[in-house]
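Report on one structure; see the data block that follows.
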Amino acid sequence: MYPIDLSGKHALVLGVANHRSLAWAIAQSLHKAGASLCLTYAGERLQKGVEELAATIPGTLVLPCDVSDDAQIDAVAKALGPKWGSIEMLVHGVAFANKEDLEGSFVATSREGFRTALEVSAYSLVNVTHRVLPLLEKQGGAIVSLTYLAAERAVPSYNVMGSAKAVLEQATRQMAYELGPKNIRVNAVSAGPVSTLAARGIKGFVGMHKDHAERAALKRNITQEEVGKAALFLLSDLSSGVTGEVLYVDAGYRIMGV
Ligand code: NAP
């Protein structure tokens, strides 16, 4: 158990695909602190795997939620309302861009590819929050999303996903301002490269991962667990005075000059 008590609090966690997912690491941290969890998955393909992971944490709910479908998001809120009464934590670990938009020329990104990446990876933070707000504002709470350095730096192959992360980070600040009076805090964790399904979709990821460990101040890569612990801080009362921020969990890569 972590020395943070989240018992009696409820966390909606979006973006668990498998045991490597950063959202799963966050779910495990929240569980160790005593929170109740609901994991969502996008599409039947992932259902069985997510249900198997959820079964390792007794009492964990599992619901479908493709964030490009408003009806599925509303169904999550409708299911959790009578069960939980309130949501105190929302974890957004969802991102998607078409494969061809993560390997070709950024300036050749199609209208549809740009729209898809920004809708699934950034607008979903705004839209899910809006649709679960009646539950979030009951007790106040905290929202955490996952971003990457490509929001502010040019990163080969990251292309339109960098644009999506820039929007996600701007939305973090705008939402923090708007939801502050409701005692809802909004922050993001900017994680260094971790080998997950989504990361492996980025062309050249293996080289990027190696380069990161060589250049980072700590001379290594980060672990999923470190993302889980940082998110736990941002979702718990330990960070009660922090909102609208991006917390870098990158082993000190971003601070380096040469
Ligand atoms: P992951 O395990 O592949 O998680 C990404 C999740 O997004 C998957 O569960 C994926 O489901 C889901 N998703 C995609 N489209 C969706 C939709 N329409 N509706 C609902 N869910 C959808 O990879 P991850 O690395 O943990 O990614 C989690 C977050 O961390 C992402 O925002 C990513 O950009 C961010 N991040 C990752 C790294 C890294 O190096 N891994 C670094 C910095 C930030 P499907 O598998 O069905 O598509």
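What follows is calculated from the coordinates using simple rules that are stated; it is not laboratory data. Computed from a prediction, not measured in an experiment: that's the story for all the values here. Here Cβ is always computed from backbone atoms with ideal geometry, including for glycine, and neighbour counts include all displayed protein chains.
Table: residues versus (1) buried (at least 19 other Cβ atoms within 10 Å of the Cβ); (2) within 16 Å of the ligand (Cβ to nearest atom).
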| site | (1), (2) |
| --- | --- |
| 90 | yes, yes |
| 99 | no, yes |
| 104 | no, no |
| 125 | yes, yes |
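Restricting 191, 199, 217 to residues that are more than 15 Å from the ligand (Cβ to nearest atom) and either among the aliphatic types (A, V, I, L, M) or within 15 Å of the chain's Cα centre (by Cα) (or both) narrows the list to 217.
Pairing each residue of region 32-57 that is more than 22 Å from residue 5 (Cβ to Cβ) with any residue that is charged (D, E, K, R), provided the two are 6+ apart or on different chains, yields C-beta distances under 7 Å for 42/66; 43/66. For region 56-88, filtered to residues that are of a type in the set (Gly, Ala, Ser) and under 19 Å from the mean Cα position of the chain (by Cα), the residue that is surrounded by the most Cβ atoms within 10 Å (Cβ to Cβ) is 77. Of the residues 131, 173, the single one that is of a type in the set (Lys, Arg) and within 22 Å of residue 227 (Cα to Cα) is 173. The condition of being touching a residue at least 24 places away in the same chain (Cβ under 8 Å), more than 12 Å from the ligand (Cβ to nearest atom), within 21 Å of residue 21 (Cβ to Cβ) and not aromatic (Phe, Trp, Tyr) holds for only one of 143, 184, 222, that being 143. Screening residue 161 against (1) assigned to a loop (DSSP other than H, G, I, E, B); (2) more than 16 Å from residue 144 (Cβ to Cβ) leaves a single unmet condition, (1).
Select, from 142, 198, 217, 150, the only residue that is buried (at least 19 other Cβ atoms within 10 Å of the Cβ) and touching a Gly at 6+ places or on another chain (Cβ under 7 Å). Answer to the selection: 150. Could you list all residues from region 49-61 that are closer than 15 Å to residue 30 by Cβ and either of a type outside the set (Gly, Ala, Ser) or in contact with a helix residue (DSSP H, G or I) (Cβ under 7 Å, 6 or more places away or on another chain) (or both)? Answer for region 49-61, where residues must be closer than 15 Å to residue 30 by Cβ and either of a type outside the set (Gly, Ala, Ser) or in contact with a helix residue (DSSP H, G or I) (Cβ under 7 Å, 6 or more places away or on another chain) (or both): 53, 56, 57, 58, 60, 61.
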